[in-house]
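Shown next, in structure tokens, is the structure this report addresses.
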Amino acid sequence: MATTYELIAKSVLGSDAADVTLTSVPSTFDDVLLVASTRCVRAGNLVDGLRVEFNGDTGSNYSGRYLYGDGSIAVSGVTATTYVYFGLIPGSTSTSNTFSNASLLIPNYAGSTNKSVSVTSSHESNGSTAYNWVSAHLWSDTSAITSIRAFAGSGGNLVSGSSFYLYGITKA
């Protein structure tokens, strides 16, 4: 039997919003994959950060390692925060109507161990700079993931047309 993907939830913003929360994530799959296409309206910024929290957890239970590049520099580092960094998204000074793309994979999301998370993200401003982000995170909680909240960093709203698709993955 082949690996299958099933759409669990989707949200496409009809107007600007501070966040998107996908709830009632069933525990019937092996893994989950969140795919997003986003842009924010944070004034004066070329890029902003997209972030996610699991099960409403805003504590310091998230850690990770990342690699970021923009065509002229490459940076790596370590994070210890209150969210998973879900990559870079265009801000208000980016080329009009450009959206980033990002994917977040959570293997064994319903298991009773801490959750590993992998992220890839890309944003091209239709100019001279492209932004790429890859990271690995750990959510130090043994609860099954039942909800995922996505939001722009620094208080900027996500723009109308931003989309989030959550897939359940069943392995052979």
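Return a whole-number percent for the relative contact order of the chain, with Cα pairs under 8 Å and 6 or more residues apart as the contact set. Once normalised by length, the contact order is 41 percent. 3J(HN,Hα) along segment 90-105, derived from phi through the Karplus expression 6.51 cos²θ - 1.76 cosθ + 1.60 where θ = phi - 60°, amounts to x, x, 5, 9, 6, 3, 3, 6, 9, 10, 7, 10, 8, 9, 10, 10 Hz, with x in place of Gly and Pro. Apply 1/(1 + (r/R0)^6) to the Cβ-Cβ distance of residue 146 and residue 98, taking R0 = 25 Å, and write down the FRET efficiency to the nearest 0.05. With a Förster radius of 25 Å, E is 0.15.
Across the chain, Cα-Cα pairs farther apart than 23 Å form 37% of the total.
Laboratory data are not the source of any read-out in this text; all were calculated from the coordinates shown. Values in this document were obtained by computation on a predicted structure and should not be read as measured data. Cβ sites come from the backbone with ideal geometry, for glycine too, and all protein chains shown count toward neighbours.
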